[in-house]
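Any read-out appearing in this document is the output of simple, stated calculations on the displayed coordinates, not a laboratory observation. Just so we're clear, the structure is a prediction, and the values are computed from it rather than from any experiment. Positions of Cβ are generated from backbone atoms using ideal geometry, with glycine treated the same way; all protein chains shown enter the neighbour counts.
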Amino acid sequence: MEARRRLAVVTGAGSGIGAASVEALAKDGWRVACLDRDGAAAEAVARRAGEGHLARALDVADEAAVAACFAEIARQSSGIDALATCAGILDTTSFMELSPAIFRRIYEVNVIGTFLAIREAARHMTKGARICTVASVAGLRGGGIGGTGAYSASKGAVLALSKNAARSLAEKGISVNCVAPGPIDTPMLAGVWRQPGVRQRVESMVPQGRAGRPEEVGATIAWLLSPAASYVNGATLTVDGGLVMP
């Protein structure tokens, strides 16, 4: 009998860090379920990754849709072995211009969406499964690069949520870790980079003197989901060129 192929689920798989994570996982031999609000983008990423990968349109803030999607994937694949929560949105509204409506929109995707993906994946995981969430150095620094109040607060919440999930799911043998990327060349930051002088200012803050590439974060996520990271749990790994080192 042919051995079952390990299945990893990636939210926000249609572009940026999510798409790079799909590519890295596929190269490592995973079968990947590519989830994104833009279903066509998810399908394109799944096709580029090779044969046998899945693609689904999904709004991670829709609880019923998340539960149904993860249950379907688990049925088709006899379980879920790994999860990367790359879905997220950016907001650069200045502090005094922020509104509760903006906070709710950012939190629904970045925090509640991350929580729902973790919870529903964990229902279909067994001992040895691994989860990697995606926060941001904005959650460590309180913004100051691209994202401001609502975004940095949401990513700080992802950092705390990830640690709590690591504690809560340890009894099931599920490990949870987090990556906190610095400035990365993704479509999400394209608008920020277009502002005069912003890219130069941000890159001057990074000891390596440049923005990161999505594949550099994707490779880190793939490692955290691999057996090589079997004794890493509850950790946050910054992928930021040294931006927030002490």
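Rank LYS163, LYS155, LYS127 by mean-square fluctuation in a GNM of the chain with C-alpha springs under 10 angstrom and give only the top-ranked residue. Maximum fluctuation in the GNM of the chain, among the listed residues, is at LYS127. For the chain, the relative contact order is 20 percent, taking Cα pairs closer than 8 Å that sit 6 or more residues apart in sequence and dividing their mean separation by the residue count.
Taking trypsin sites (Lys or Arg not before Pro) across the stretch 164-246, the ones in a DSSP loop with at most 15 further Cβ atoms lying within 10 angstrom of their Cβ are ARG194, ARG210. Give, as a single signed number, the net charge of other residues whose beta carbon lies under 11 Å from the beta carbon of LEU225, with Lys and Arg counted +1 and Asp and Glu -1. Around LEU225, the charge tally is 0. Here the gap between MET245 and ARG105, fully extended at 0.36 nm per residue and compared with their Cα-Cα distance, gives a gain of 47.4 nm. In a DSSP loop and with at most 11 other Cβ atoms within 10 Å, the GluC sites (Glu not before Pro) in the stretch 9-98 are GLU51. Amide H contacts for ALA129 (H built 1.01 Å from N in the peptide plane; partners 5 or more residues away or on another chain; cut-off under 5 Å): SER175.
Using Stokes-Einstein with the Kirkwood hydrodynamic radius over Cα pairs, what translational diffusion coefficient do you get for the chain at 25 °C and a viscosity of 0.890 mPa s, in µm²/s rounded to a whole number?
137
Screening the chain for DSSP H helices whose Cα atoms reach 18 Å or more along their own axis and whose mean Kyte hydropathy is at least -1.0 gives 63-77, 149-169.
Rounded to the nearest 20, the Cβ-based charge dipole of the chain about its Cα centre (Lys and Arg +1, Asp and Glu -1) stands at 400 debye.
Computed over all pairs of different Cα atoms, the Kirkwood value for the hydrodynamic radius of the stretch 139-220 is 14.4 Å. Quick one: among LEU189, LEU116, LEU225, which has the greatest mean-square fluctuation in a GNM of the chain with alpha-carbon springs under 10 angstrom? Sorting by GNM fluctuation, first place goes to LEU189. Per-residue ellipticity at 222 nm computed for the chain from its helices equals -12500 deg cm²/dmol, with DSSP H segments shorter than 4 residues left out and the rest contributing -39,500 (n - 2.57).
Other residues lying with their Cβ under 11 Å from the Cβ of PRO214 contribute a combined charge of -3, Lys and Arg counting +1, Asp and Glu -1.
Calculate, in whole percent, how much of the Cα-Cα pair population of the stretch 1-144 lies beyond 28 Å. Result for the distance tail: 19 percent. Electrostatic tally near GLY139: other residues with Cβ closer than 13 Å to its Cβ, Lys and Arg +1, Asp and Glu -1, net +2.
Let me know the number of lysine pairs in the stretch 7-238 closer than 25 Å at the Cα, not counting same-chain pairs under 8 apart.
5
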